[in-house]
Amino acid sequence: MINELLKNFSNEKPSNLLKTILNDTAKSLSKKFNRDIFIFIHEPQGI
């Protein structure tokens with residue numbers, strides 16, 4: 001589901017695009033709150 005959504009926004013491999021977006025978001029939040037931020041996504045197999 002996430003892969004299909006990301007395909008609409010970029011020609012880049014969806015997993016790379018998602019990783020870049022999440023890393024940038026975590027860095028921004030880390031600066032704002034002055035602490036480490038970790039973002040996890042779990043996508044069950046078989047979907």
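Here is the figure for the chain: residues that are of a type in the set (Gly, Ala, Ser), within 11 Å of the chain's Cα centre (by Cα) and at pLDDT 85 or above total 1. Beta carbons closer than 8 Å, at least 6 apart along the sequence or on distinct chains, pair a first residue in region 3-19 that is outside any helix (DSSP H, G or I) with a second that is modelled with pLDDT of 75 or more for Phe9/Leu17; Ser10/Leu17.
The values are calculated or read from the model by the stated rules, or taken from the named source; none is laboratory data. Note that the coordinates shown come from a computational prediction; the quantities given were computed from them, not determined experimentally. Cβ atoms come from the backbone with ideal geometry, glycine included; neighbour counts cover every protein chain shown.
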